[in-house]
Amino acid sequence: MISVIIPAYNAERFLSGTLESVRGQSYEDWELIVVDDGSSDSTCEIVERFAAGDRRFRLAKQQNGRVAAARNRGFEECSKHSEYVAFLDHDDVWDSEALQTLLRPLNENRDMPAAHGVAQLIDANGNAPHEDLQAWCRDRKRAAPSGILQMDPRESTGFSALVCKNPIVSPGQALIRRSAMDKAGPFDPQVVPSDDWDMWLRLSLQGGLAFVDEVVLGWRDHGANGTHRRRQLEASAAAVRTKLLAMETLTDEQRKIAEIGFAQGARSEWRSKLHFASEDLKRLRIGSAARQFAVGIRAYLQRGRRPAA
């Protein structure tokens, strides 16, 4: 069985579409737990309507504790019979074969803690305006003592890749083996909204995450996503890096690989923002260009920080 967990806070706008995408899965042995995180809209009523017609849907309620706490609460509510767990955001949608696709490599290799696929960008209406996000998910590199190496699509996404960048832009791209989740521990509320990246890094210390080069998720960009809170995202990502480098269980080799990967991430972010700033200047969008440049500078400086002794 697969336990699907959806944290939901004032999610009425898109939640029905997300729940429909779960109900439409070709793989049918699942349960779905929606954790209402103190909503004031009709989130609970929407879930109750689905639950009335399908016993696989369940609702759990809690006071507002933010997304990591809601994910952890959902995991606590999982059936003891579930072997896998997936965390789906309330505004994303799965391809109808998503669970079947992600389950395949985990059945083939019992040592892998998780599997992940590709996300495509969709807008508020469900349309896919371009393929930039797919390209981001597929362009994986890994850190090595000799430098940064381009990865083959057949390679799993290991620790050395995840320290370079996070190709799993939404948790709904991944399916996690429950035993690996138990070992990794809960989501960390102190590093929201980068708590998912923190989780992938900890899971990767148990082994590589299988990569499936297929679109499994529509990641909805509607202007209110957590990733639009740029300063908060930057600060939380810096906290994840500091937390990782401070882990006493890291080997010297892993620590060195992490430092190489973080430095690569700094260079990539800087080059990306410099490109966007240049494009803005060509269009005389001075304010936007200045913001892009500032973001690149901050990211570069933060990625290079070492934890205090």
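The values are calculated or read from the model by the stated rules, or taken from the named source; none is laboratory data. This structure is a prediction, so every number in the text was calculated from the model and none was measured. Please note: Cβ atoms are built from the backbone with ideal geometry, for glycine as well, and neighbour counts cover all protein chains shown. Accessible surface is based on the protein model in full, side chains and every heavy atom, while ligands, DNA and RNA are left aside. Shrake-Rupley method; radii C 1.70, N 1.55, O 1.52, S 1.80 Å.
Here the simple spin-label model places points 7 Å from the Cα toward Cβ, and for Lys80 and Asp29 these points are separated by 1.9 nm. Think of each Lys and Arg Cβ as +1 and each Asp and Glu Cβ as -1; about the Cα centre, that makes the dipole of the chain roughly 1380 debye.
A 1.4 Å probe run over the stretch 135-209, with the rest of the protein chains in place, finds 36 Å² accessible per residue. Scalar couplings 3J(HN,Hα) for the stretch 135-150, obtained by applying the Karplus form with A = 6.51, B = -1.76, C = 1.60 to θ = phi - 60°, are 4, 4, 5, 7, 7, 10, 10, 10, 8, 9, x, 7, x, 9, 10, 6 Hz; x denotes Gly and Pro. For Ile122, what charge total do you get from the other residues with a beta carbon under 10 Å from its beta carbon, if Lys and Arg give +1 and Asp and Glu give -1? After counting each charged neighbour, the total is -3. How much FRET efficiency would the formula 1/(1 + (r/R0)^6) give for Glu155 and Arg285, where r is the Cβ-Cβ distance and R0 is 25 Å, rounded to 0.05? For Glu155 and Arg285, the calculated efficiency is 0.05. Remark: spin-label model distance Ser42-Ala144 equals 5.6 nm, labels positioned 7 Å along the Cα→Cβ axis. Take every pair of alpha-carbon atoms less than 8 Å apart whose residues are at least six positions apart; their mean separation over the length of the chain yields a relative contact order of 18 percent. Ligands, DNA and RNA excluded, the heavy atoms of Ser288 present near 30 Å² of accessible surface to a 1.4 Å solvent probe.
The lysine pair tally for the chain, using Cα distances under 25 Å and a gap of 8 or more places or different chains, is 14.
Each peptide in 50-57, 137-144 gets a packing score, the mean of other Cβ atoms within 10 Å over its residues, and the list from highest to lowest is 137-144, 50-57. Between Trp136 and His222, the modelled label-to-label distance comes to 1.8 nm, taking each label 7 Å out from Cα in the direction of the beta carbon.
Taking all Cα-Cα distances within the chain, those exceeding 33 Å account for 23%. Hey, with R₀ at 35 Å, roughly what FRET efficiency would Arg49 and Asp111 work out to, going by the Cβ-Cβ distance, to 0.05? The calculated FRET efficiency here is 0.30. Give the residues of the stretch 27-67 whose amide nitrogen is closer than 14 Å to a point set 7 Å from the Cα of Glu12 in the direction of its Cβ. Output list for this probe position: 39-49. When the accessible area of the chain is computed with all protein chains present and a 1.4 Å probe, what percentage of it is carbon and sulfur? Taking all protein chains in place, the chain shows 49 percent carbon and sulfur surface.
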